[in-house]
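Below: one structure, written as structure tokens.
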């Protein structure tokens, strides 16, 4: 695939955004067009595996009305005493397409690992049946490589303040991008279990365990570089929103 194909894909995303905008009821939007801002620190945690510490952060800034808005998502990882290993930024337009789901379109930029990559993004975020929080996306890179991701998590209330949260994430690549260690097929799987205590409805420390594994060609690329392909880590962190 060439960069011209990537440009056409971007144009297609913009046309899709315009189509969604035109299809939503204008009268409904006029009932409540107040703009709200919300910052969510989903995870700020330390993961310890065999005596090695890894700092992990996930955050999201939303500026929106009831029906549409913009989201800035930031994810990253850095080992203690070392450089940042992964850094991902997404700027997305989100629009309500059902009672529980937003469609989202935009741009993703991965600063790490090097070389950097830019992606067009299209996906859905919201609540699936049985109140699972879901974030599913398709990506097309500036090198013409397509991929997809699926994240899901669920809050199980044990008491008014104690919440158990299982979470899962899967990443699939539809072609190799060996420069950044990505092989085609199911490339990574991650499962986590976190127990948080809500000191305040906007702030909660948590403990847990997190397992992740590189698979297929992605695992082979990692082995060639002398990297581990599997990790099970104890987790200590906080979550908050403002």
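Going by the conditions given, is residue 152 in a strand (DSSP E or B), more than 17 Å from residue 58 (Cα to Cα) and out of contact with any helix residue (DSSP H, G or I) (no Cβ under 8 Å at 6 or more places or on another chain)?
Judged against the criteria, residue 152 is not a match.
Which members of segment 78-99 meet the condition of being more than 13 Å from the chain's Cα centre (by Cα) and in a strand (DSSP E or B)?
78, 79, 93, 94, 95, 96
Is it the case that some residue within segment 165-175 is part of a loop (DSSP other than H, G, I, E, B) and either within 30 Å of residue 67 (Cβ to Cβ) or over 16 Å from the mean Cα position of the chain (by Cα) (or both)?
The answer is yes, given that some residue of segment 165-175 is part of a loop (DSSP other than H, G, I, E, B) and either within 30 Å of residue 67 (Cβ to Cβ) or over 16 Å from the mean Cα position of the chain (by Cα) (or both).
Does residue 237 satisfy the criteria of being at pLDDT 95 or above and buried (at least 17 other Cβ atoms within 10 Å of the Cβ)?
Considered against the rule, which asks whether it is at pLDDT 95 or above and buried (at least 17 other Cβ atoms within 10 Å of the Cβ), residue 237 comes out as yes.
Could you look through segment 100-133, keep only residues that are at pLDDT 95 or above and part of a loop (DSSP other than H, G, I, E, B), and pick out the one that is surrounded by the most Cβ atoms within 10 Å (Cβ to Cβ)?
100
Can you find a residue in segment 70-92 that is touching a helix residue (DSSP H, G or I) at 6+ places or on another chain (Cβ under 9 Å) and more than 17 Å from residue 149 (Cα to Cα)?
Within segment 70-92, none of the residues are touching a helix residue (DSSP H, G or I) at 6+ places or on another chain (Cβ under 9 Å) and more than 17 Å from residue 149 (Cα to Cα).
Can you tell me which residues in segment 187-242 are within 19 Å of the chain's Cα centre (by Cα) and free of Cβ contacts under 8 Å to residues at least 24 places away in the same chain?
The answer is 190, 211.
The values are calculated or read from the model by the stated rules, or taken from the named source; none is laboratory data. Please read these numbers as outputs of a predicted model, since none were measured by experiment. Positions of Cβ are backbone-derived with ideal geometry, glycine not excepted, and every protein chain shown enters the neighbour counts.
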